[in-house]
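Worksheet: the structure to be examined is printed underneath.
The values are calculated or read from the model by the stated rules, or taken from the named source; none is laboratory data. Just so it is clear, the model here is predicted, and its values are computed rather than measured. Virtual Cβ from ideal backbone geometry, glycine too; neighbours counted across all protein chains shown. With ligands, DNA and RNA removed, areas are computed over all heavy atoms of the protein, side chains included. Shrake-Rupley method; radii C 1.70, N 1.55, O 1.52, S 1.80 Å.
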Amino acid sequence: MMKQHISIISAACLLLCTACSSAPHADSPSLKDDLLAIADTVPGTVGIAYISDTDTITVNNNIHYPMMSVYKLHQALAVAATLDRKGTTLDSLLTVSSDELDRNTWSPALNKYTSGDFHISVGELMASSVTMSDNNASNLMFEHILSPRATHDFIKSIVSDTTFQIRYSEAEMKVNPTLSYLNYTSPLSAGLLIRQVFEEALVDTEKQDSIRHYLSVVTTGQDRLGAAMHGSDIAVFAHKTGSGYRNAIGELMAHNDIGYFRLTDGRSYSLAVFVRDFRGSEAEASAVIADISRCVYEHIKSGTVR
């Protein structure tokens with residue numbers, strides 16, 4: 001019964017976004033109206049932040065959303081700043097024991113290290129954490145470079161919206177998934193941060209360029225924000241995903257994507273979409289995020305963002 005209900009909801013979202021692509025009329029719905037209409041159809045809570053040079057639009061921004069792996073962007077920036085203070089580069093090597101790796105977590109990059117000690121650069125850990133959301137890579141940076149709380153403190157010092165909290169690692173959340181709710185953000189805070197990454201100087205130029213590159217080649221969540229981006233007018237698309245556990249009543253705790261978009265005409269915007277406590281599958285939650293991204297893009301193309 002739930003799958004049928006969600007299928008109807010997804011169809012409604014697609015109809016709304018099809019309407020977004022029509023020619024603008026004086027009485028046509030605003031972008032916020034359309035985003036509210038999509039959010040109202042979803043069996044869960046959807047938080048949205050759209051930020052451009054001229055507009056900031058939010059939906060359900062006053063709720064704390066579990067970040068999940070979205071915080072690996074925050075971590076990358078904090079690690080880069082730590083290396084800056086030490087006067088070292090992303091090529092700096094760490095000595096790690098294979099015993100430090102969790103063999104039962106998402107770790108597509110680091111599971112190749114099967115025995116004994118090994119050396120790995122901070123850059124490889126950061127790239128694996130951001131591009132593939134490798135949990136072992138993230139855990140190792142927390143253990144060897146700086147803690148979740150230190151990460152929180154650094155990001156608080158640079159971000160323009162401090163409605164976020166980082167307290168726990170992937171390892172800790174795996175032991176107790178409810179801790180995921182305590183690593184939270186508002187959509188606006190996350191959307192502003194990824195925009196800052198591409199439009200402000202936050203850390204050493206070379207390290208920040210590397211982070212920008214990692215975000216531009218993320219391999220996770222290809223069915224989310226980027227699913228609507230097939231136009232030749234997209235010069236830059238960069239994003240970071242986060243995916244959560246199921247809570248005690250079977251809801252998907254978190255399904256997220258935050259992205260930065262730059263068009264070939266020079267316009268840019270960031271878009272953060274967080275889905276919390278969703279009663280459906282990951283594919284259905286991804287479809288909601290894709291619908292929202294498509295709707296925003298069509299409004300921008302038709303000149304109806306207001």
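Scanning segment 190-211 for residues that are closer than 15 Å to Ala49 by Cβ and of a type in the set (Lys, Arg) turns up just one, Arg195. Take the conditions in contact (Cβ under 8 Å) with a residue 24 or more places away in the chain, touching a Cys at 6+ places or on another chain (Cβ under 7 Å), over 15 Å from His74 (Cα atoms) and not in a strand (DSSP E or B) and apply them to Asp223. Does it pass? Considered against the rule, which asks whether it is in contact (Cβ under 8 Å) with a residue 24 or more places away in the chain, touching a Cys at 6+ places or on another chain (Cβ under 7 Å), over 15 Å from His74 (Cα atoms) and not in a strand (DSSP E or B), Asp223 comes out as no. The number of residues in segment 283-306 that are open to solvent by less than 10 Å² (accessible area, probe 1.4 Å) and either of a type in the set (Phe, Trp, Tyr) or within 20 Å of Val42 (Cα to Cα) (or both) comes to 10. Ser186 - would you say it is at pLDDT 95 or above, in contact with a His (Cβ under 8 Å, 6 or more places away or on another chain) and small (Gly, Ala, Ser)? Criteria met by Ser186.
Across segment 164-176, what is the total count of residues that are over 16 Å from the mean Cα position of the chain (by Cα), open to solvent by 20 Å² or more (accessible area, probe 1.4 Å) and not β-branched (Val, Ile, Thr)? Final tally of qualifying residues: 6.
Residue-level check: of (1) on the phi < 0 side of the Ramachandran plot; (2) in contact with a strand residue (DSSP E or B) (Cβ under 7 Å, 6 or more places away or on another chain); (3) buried (at least 18 other Cβ atoms within 10 Å of the Cβ); (4) not acidic (Asp, Glu), Tyr214 misses just (2). Selection of segment 178-191 for residues being part of a helix (DSSP H, G or I) and open to solvent by less than 40 Å² (accessible area, probe 1.4 Å) yields Leu179, Ser180, Pro187, Leu188, Ser189, Ala190, Gly191.
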